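A.B. asks: The structure under discussion is supplied below as structure tokens; questions concerning it will follow.
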Amino acid sequence: MFVQAIPSSPELRQQAAKEAVEALRQGVHVVTATKNHLFSQWRELDEAARGLGVVIRISGATGAALSAGDLSRTALRGMGCETIRACPNGTVTFVLDRLAQGDSLSDAIREAQRRGIAEAEPSADLSGEDAAMKVRLPAALAWGWDPALVRVETQPVIEDTAGEALSAVSRHRRLRAVAGASVDQPYFVRVRLEETHPGDPLHALDGPERQWCSAARTRAT
């Protein structure tokens, strides 16, 4: 087994792809937590794995300890799943909860960094790009899309978001950065700030402890 956990940076994308493809072509199973090459070269990686009957496991790149990515290739495809909703970025969930408690955005980020939740440069988290990436591949696998062709639209967490978070909590709701995709909108993933109600699985998320929760609507039979 080859385990890959190098940074998901543009500079290392080709290296990550080359190492993974070489391992698969030698009959070695691959487990990867590296993202970038999964989107640009998924077809090549998948074909290399299928050629020798080995597997490439990707959930570390799409849902941390949760098996969202790999389940999308198996269970979701057999369930007739039509929609995916998720909060796969624990940093943003933590920051939104701190904003709802009255923190400023800068204070919330500093506290997340102090606790080791946020990276030193959290812009990919706050912009919604990380959440979009983590949903983009499972959605593509669930519905047979080419990940390289999936478009994304994101709503960032900014200073004004603090007022939205406080307004939501005053009505017993929670503001969440929800990444969603639908079979009715092919090749498209959107991340937007939503007020979630009690009873919504995403409403129950508590800071960084649970980074992924999805809800699926299935076709009636």
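A.B. asks: Report, to the nearest whole %, how much of the accessible area of the chain belongs to carbon and sulfur atoms, 1.4 Å probe, protein only.
C.D. replies: Details: 5400 of 10800 Å².
C and S atoms contribute 50 percent here.
A.B. asks: Please list 1-11, 191-201 highest first by mean number of surrounding beta-carbon atoms within 10 Å per residue.
C.D. replies: Numbers: 1-11: 12.9, 191-201: 16.1.
With the highest mean Cβ count within 10 Å placed first, the list reads 191-201, 1-11.
A.B. asks: Next question, about the same structure. Could you check how many percent of all C-alpha pairs in the stretch 160-212 are farther apart than 16 Å? Spell out each step's value before the answer.
C.D. replies: Working: 675 of 1378 pairs.
Summing the P(r) tail past 16 Å for the stretch 160-212 gives 49 percent.
A.B. asks: Something else: Compute the relative contact order of the stretch 142-188 as a whole-number percentage, counting only Cα pairs closer than 8 Å that sit 6 or more residues apart in sequence. Numbers along the way, then the final one.
C.D. replies: Details: 20 pairs, mean separation 26.1, N = 47.
Reported as a whole number, the value is 56 percent.
A.B. asks: Still on this structure, please answer the following. Using a 1.4 Å probe, what is the accessible area per residue for the chain, in Å²? List each step's numbers first, then the result.
C.D. replies: Numbers: 10800 Å² over 221 residues.
Ligands and nucleic acids excluded, the result is 49 Å² per residue.
A.B. asks: Could you state the angle between the C-alpha long axis of helix 13-25 and the longest principal axis of the C-alpha atoms of the chain, as a value from 0 to 90 degrees rounded to the nearest 10?
C.D. replies: 40
A.B. asks: Another question, if that's okay. Using helices alone, I'd like the mean residue ellipticity at 222 nm for the chain: each DSSP H run of four-plus residues gives -39500 (n - 2.57), total over residue count, nearest 500. Mind dumping the intermediate values first?
C.D. replies: Values: 11 runs with 94 residues, N = 221.
So the helix-based figure for the chain works out to -11500 deg cm²/dmol.
A.B. asks: Charges only on Cβ, +1 for Lys and Arg, -1 for Asp and Glu: so what's the dipole of the chain about the Cα centre, in debye to the nearest 20? Please list the in-between numbers first.
C.D. replies: On the way: 26 positive and 28 negative charges, 138 e Å.
I would put it at about 660 debye.
A.B. asks: Run the numbers on the chain and let me know its relative contact order in percent, using alpha-carbon pairs under 8 Å that are six or more apart. Don't skip to the end; give the middle numbers.
C.D. replies: Numbers: 418 pairs, mean separation 50.6, N = 221.
It rounds to 23 percent for the chain.
A.B. asks: For helix 105-114, report the angle its Cα long axis makes with the longest principal axis of the Cα atoms of the chain; keep it between 0 and 90° and round to the nearest 10°.
C.D. replies: 50
A.B. asks: Show log10 I(q)/I(0) for the chain at q = 0.07, 0.08, 0.16 Å⁻¹, two decimals, from a solvent-free Debye sum over equal Cα scatterers.
C.D. replies: Result of the Debye calculation: -0.23, -0.29, -1.07.
A.B. asks: In degrees, nearest 10, range 0 to 90: what is the angle between the Cα axis of helix 90-100 and the longest Cα principal axis of the chain?
C.D. replies: 10
The values are calculated or read from the model by the stated rules, or taken from the named source; none is laboratory data. Keep in mind that this is a model prediction, so the values were computed, not measured. Neighbour counts are summed over all protein chains in view; Cβ atoms, including those assigned to glycine, are modelled from backbone coordinates with ideal geometry. Only protein heavy atoms, including side chains, enter the accessible area calculation; ligands, DNA and RNA are left aside. Shrake-Rupley method; radii C 1.70, N 1.55, O 1.52, S 1.80 Å.
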